[in-house]
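The values are calculated or read from the model by the stated rules, or taken from the named source; none is laboratory data. Given the structure is predicted, the values throughout are model-derived calculations rather than measurements. As a convention, Cβ positions derive from the backbone with ideal geometry for all residues, glycine included, and neighbour counts pool all protein chains shown.
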Amino acid sequence: MTAAVAALLWLGGCTDYFVDGATVEGDSEVVSETFTQAPLPALDVLFVVDSTGSMAEEQSGLGSAVGAFIDALDALATRYQIGVISMDLRDGGALLGQPWILTSEDPDVVAHLVANLAVGTASPPPSQGLDAVALALDADDGVNVGFRRDSASLQVVFVSDGDDASGDVLGDDPVSAFLGLLAAEATRTGHAARASALIGDIPSGCRGAGGTALPGDRYAEVAQLSGGQIASICADDFTEIAESIGATSVEWQVRFPLQADPVDGSLTVAVDGVRQESGWVVDEDAPAVVFASPPPPDSVITVSYSLARTAS
C-alpha cells in the first residue's frame, strides 16, 4: 500500500489542524485520502530451524520439500522474501546463508533455500526457537535490516524434533510474549502475522525415518493460536505441509488506515472511481477503512470524509 496522499499538518490559530488539499464545507473540512492496492501480495517467510545434533535427517527432508513450497508461492504470484535462522541464540537471530534474503526475483531461489536451510547440527541443546525469532525481528537491533517489509504479511515456520525452551529473551511466559510479538507485527503493518510448525506429534511425539521426535507443545500452541499450520516432522514427505503453508500465507490488503477521525456518517469509499455502497466498514478506534474482501490488484481506493472544524 502506498502512503496516503493527504498529510496531517498541525497548526496554531483558530483551526487546530487541516489535511493538505482539504476543502471547506460549512463547519467541516472534506478530506480525500488515496491508496493503491499492491500489484501482487507480499509475504515475508522466516524459517526457524533446530540445529541440534538430532536434526540431520529432518533438515535433509525439509530441503527436499523446498521445490513444492516455492511452487505454491509462485502459483499465487507472490512477492516473497525468505530468510532462515537457527534456534541457537549464539547466532543472535541473524539470517543465515548467502544470499541471506531470498526473493521471488532470484532465478536460483530453490537451490539457495535448500542450502540456507542446512543450518548444521553442531548446536548444543536446548533449542530456543521463540527467543530466536524475537531477536531476528528486533528492529532496534538492526541485524536483519531489509527483511521485514511494512507491506508484507509474516509467516514464521518452526522446524524442530523437540520442544521449545525459550525464556532468556521472552521471559517467564514465552508463548504469550511470542503471540504478543506477532500481534504487534500485524498491528504495525496491517498484515497478518502467523506461525506454523513442523514438529513432533502432539501429545506423545513420534518416530520416523529420522529417529524419534519429542512433542513440540509450545510450537504447536503458537501455531494454533496464530492461525498457522501444524504437521509431523516424522512424515516421510514434507511436500504437503510446504504447499499448505505457502497457500495460507498470502493475504491481500483489506485494512487502510486513515490519518484523522472522520465525522460520523460522512465517509465514502470508491474503488477505481466507482463508489462502493457496501463491502466495507469503518474501524473507529484505528481509524481505518476495512474491506470485507480485498480490492483488486493495482486498484485505487479513494476515501473521502469530513473533519469537524474546532474553533479556538
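Test Gly167 against the stated conditions and say whether it is in contact with an Asp or Glu (Cβ under 9 Å, 6 or more places away or on another chain) and either surrounded by fewer than 23 Cβ atoms within 10 Å (Cβ to Cβ) or part of a helix (DSSP H, G or I) (or both).
yes
For segment 249-280, filtered to residues that are over 30 Å from Ser196 (Cα atoms) and among the aliphatic types (A, V, I, L, M), the residue that is nearest to the chain's Cα centre (by Cα) is Leu258. Does segment 70-122 hold any residues that are more than 15 Å from Phe47 (Cα to Cα), assigned to a loop (DSSP other than H, G, I, E, B) and in contact (Cβ under 8 Å) with a residue 24 or more places away in the chain, and which are they? Once the filter is applied, which keeps residues that are more than 15 Å from Phe47 (Cα to Cα), assigned to a loop (DSSP other than H, G, I, E, B) and in contact (Cβ under 8 Å) with a residue 24 or more places away in the chain, segment 70-122 yields Leu76, Ala77, Thr78, Ser104, Thr121, Ala122. Leu181 fulfils the conditions (1) more than 15 Å from the chain's Cα centre (by Cα); (2) modelled with pLDDT of 90 or more; (3) among the hydrophobic types (A, V, I, L, M, F, W, C) except for a single criterion, (1).
Note on segment 90-144: residues that are among the β-branched types (Val, Ile, Thr), more than 21 Å from Gly53 (Cβ to Cβ) and surrounded by 15 or more Cβ atoms within 10 Å (Cβ to Cβ) amount to 5. For segment 171-180, a residue qualifies if it is surrounded by 18 or more Cβ atoms within 10 Å (Cβ to Cβ) and under 25 Å from Gln81 (Cα atoms), and the qualifying residues are Phe178, Leu179. For segment 191-205, residues that are in contact (Cβ under 8 Å) with a residue 12 or more places away in the chain and surrounded by fewer than 19 Cβ atoms within 10 Å (Cβ to Cβ) total 2. Looking across segment 131-150, the residues that are more than 15 Å from the chain's Cα centre (by Cα) and either among the aromatic types (Phe, Trp, Tyr) or outside any loop (DSSP other than H, G, I, E, B) (or both) come down to Asp131, Ala132, Leu135.
Looking only at residues in segment 263-287 that are over 15 Å from Thr34 (Cβ atoms) and aliphatic (A, V, I, L, M), the one that is modelled with the lowest pLDDT is Ala286.
Checking every residue in segment 302-311 against the condition of being assigned to a loop (DSSP other than H, G, I, E, B), at pLDDT below 90 and loosely packed, with under 15 Cβ neighbours inside 10 Å gives at least one match. Checking each residue in segment 44-68 for being assigned to a loop (DSSP other than H, G, I, E, B) and either crowded, with 19+ Cβ neighbours inside 10 Å or not small (Gly, Ala, Ser) (or both) picks out Asp50, Ser51, Met55, Ala65. Within segment 280-301, the residues that satisfy the criterion of being outside any strand (DSSP E or B), without any contact (Cβ under 8 Å) to a residue 60 or more places away in the chain and either out of contact with any strand residue (DSSP E or B) (no Cβ under 8 Å at 6 or more places or on another chain) or surrounded by 12 or more Cβ atoms within 10 Å (Cβ to Cβ) (or both) are Glu284, Asp285, Ala286, Pro287, Ser293.
Out of segment 131-164, which residues are of a type in the set (Gly, Ala, Ser) and under 21 Å from Ser196 (Cα atoms)?
Taking segment 131-164 first, the residues of a type in the set (Gly, Ala, Ser) are 132, 134, 136, 139, 142, 146, 151-153, 160, 162.
Of everything in segment 131-164, those that are of a type in the set (Gly, Ala, Ser) and under 21 Å from Ser196 (Cα atoms) turn out to be Ala132, Ala134, Ala136, Ser151, Ala152, Ser153, Ser160, Gly162.
Scanning segment 194-219 for residues that are assigned to a loop (DSSP other than H, G, I, E, B) and either in contact with a Leu (Cβ under 7 Å, 6 or more places away or on another chain) or not assigned by TED's automatic domain parsing to the domain that holds Glu243 (or both) returns a single hit, Gly205.
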